[in-house]
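Structure first, then comments.
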Amino acid sequence: MRVLVTSCSERTFLQMMAPVAWALRTAGHEVCFASQPELTEQITRTGLAAVPIGRNRGAWRIAALHVDEREAGRPDLPAPYDAPVLPPESRDWAAMRDGYEAFTTRYHGGGWHVTDNFPMIADLVAYARQWQPDLVLWEPTTYAGGLAAQACGAAHGRLLWSIDVFGAAREIYLDLAARRPATDREDPMARWLGGFARKHGFEFSEELITGQFSIDQLPGSLSLGAAGHDYLPVQYIPYASATVVPKWLWDKPERPRIAVTLGITATDRFNGYAVDLQDVLNALADLDVEVVATVPTKNQAELTAVPANVRLVDWAPLHALVATCAAVINHAGPGTLLTCAVAGVPQLTLPFDFDEPELARRAAEQGAALVVRPQEATPEAIRAAVRRLLDEPRFASRAAALRDEIRALPSPNDLVTELEQRVEHHRATREQRCAS
């Protein structure tokens, strides 16, 4: 088959999608990854064929013009994507509608889906019609992928990178809308995508929002999705692109090793970490542990003092680092949290943005992690949590259980057969429809 994988230009999305793309490639299928030009170098570093499309104009560039609003928006999920984690009685159709409206029609302080997708749609549709892929896999906010698939007649599905608040929110919205008068069911997402669909010769369908199916990389204990949607579970495989394992990671540490890694988004997209990194390091200074903190060089200079038991590194391959650790302090970004989970390591999460608080809550509920919100992340709270992770055996036991749960899922190689069958079924259905 020909497989088109696509995402807006976010490196973290690429890293979450690369293992499935490579499984398809090593199974003998032709695979290419389409994104905005600024991601081309990162794509080629994975060894995949890159297709630069559209222009480099994403939501973060627009948000950069509104720093105060961007910083204020860091905590938790915005409407409409908070609905799946709210109590049913708190779900509000009007708030969800307004959230969709903001993401699909306005640039100021929002316009997320518009600014990520508009620069890609025309080129991606044109390329799909020219290349004629059999399957399109798209990141769940890269709606250009669904449009391209529909335009060329390919089977298509979303390749998820975290809890599926997008699919779950859509299911809730449609349910709430169905209870309203027929004259008062405004649907900004359908209006927005429907306009592009008609421009390219077809009509809107819900598949443009949630795909024909979705590949879910989260184990059942962490997953959140839409009850009526078709999910294909797959084992998460850590991926760090081209990287080097440093020699200091070869040997087993003499003392329990604690990794501190707070993600690249905080420094690349926001004004810094949501917690005081100096406080985090100071909290661990008097413990009999070795601390490895991954901190970009530009941010290392902001530290006033580095405790004697701390090693600062600009970068280390996360899967190799956490495999040597007794515990990890992180921000609960899905790639980081899942990489730690695959290693069977207890985690202290300091979540601050979008899906992170809910993902952290689920990991704590499973028993493999503790959560300290940034506003409560005092040195005393951090130290106490780390001591619990090291001293209470149940955390290591639950972390091992989470690791085993992930490893029991189908591998990306196993998933390929299911995707092949989906494509064959799609072809047969299209042929029957054409014949009739």
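The values are calculated or read from the model by the stated rules, or taken from the named source; none is laboratory data. Note that the structure is predicted; figures quoted are calculated from it, not measured. Methodologically, a virtual Cβ is constructed for each residue, glycine included, from the backbone with ideal geometry; neighbour enumeration extends over all protein chains shown. Ligands, DNA and RNA are excluded from the accessible area calculation, which covers all protein heavy atoms including side chains. Shrake-Rupley method; radii C 1.70, N 1.55, O 1.52, S 1.80 Å.
Worth a mention:
- Lone qualifier among 82, 98, 123, 92 - being touching a Gly at 6+ places or on another chain (Cβ under 7 Å) and surrounded by fewer than 21 Cβ atoms within 10 Å (Cβ to Cβ): 123
- Lone unmet requirement of (1) open to solvent by less than 10 Å² (accessible area, probe 1.4 Å); (2) touching a Pro at 6+ places or on another chain (Cβ under 7 Å); (3) modelled with pLDDT under 95 for residue 115: (2)
- Listing of strands (runs of 3 or more DSSP E) fully contained in the range 194-276 that carry 2 or more residues being open to solvent by 40 Å² or more (accessible area, probe 1.4 Å) and at pLDDT below 95: none
Okay, residues lined up against (1) assigned to a strand (DSSP E or B); (2) closer than 26 Å to residue 339 by Cβ; (3) at pLDDT below 80; (4) within 21 Å of the chain's Cα centre (by Cα):
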residue: 12; (1), (2), (3), (4): no, yes, no, yes
residue: 16; (1), (2), (3), (4): no, yes, no, yes
residue: 23; (1), (2), (3), (4): no, yes, no, yes
residue: 28; (1), (2), (3), (4): no, no, no, no
residue: 33; (1), (2), (3), (4): yes, yes, no, yes
residue: 42; (1), (2), (3), (4): no, yes, no, yes
residue: 61; (1), (2), (3), (4): no, no, yes, yes
residue: 68; (1), (2), (3), (4): no, no, yes, no
residue: 71; (1), (2), (3), (4): no, no, yes, yes
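- Listed by first and then second residue, the pairs linking a residue in the range 150-179 that is farther than 11 Å from residue 224 by Cβ to a residue that is open to solvent by 10 Å² or more (accessible area, probe 1.4 Å) and β-branched (Val, Ile, Thr), with Cβ atoms under 8 Å apart and 6 or more places separating them unless they lie on different chains, are 158/210; 161/12; 170/210.
- Any hit, the range 176-184, residues being part of a loop (DSSP other than H, G, I, E, B), surrounded by fewer than 20 Cβ atoms within 10 Å (Cβ to Cβ) and touching a helix residue (DSSP H, G or I) at 6+ places or on another chain (Cβ under 6 Å): no
- Some residue of the range 133-141 being in a loop (DSSP other than H, G, I, E, B), open to solvent by 20 Å² or more (accessible area, probe 1.4 Å) and in contact (Cβ under 8 Å) with a residue 12 or more places away in the chain: yes
- Residue list for the range 389-406, restricted to those being open to solvent by less than 50 Å² (accessible area, probe 1.4 Å) and closer than 17 Å to residue 286 by Cβ: 389
- Scanning the range 425-436 for residues that are under 22 Å from residue 27 (Cβ atoms) and either open to solvent by 80 Å² or more (accessible area, probe 1.4 Å) or not aliphatic (A, V, I, L, M) (or both) gives 425, 426, 427.
- Residue match in the range 417-424 (condition: under 30 Å from residue 153 (Cα atoms), part of a helix (DSSP H, G or I) and open to solvent by 80 Å² or more (accessible area, probe 1.4 Å)): yes
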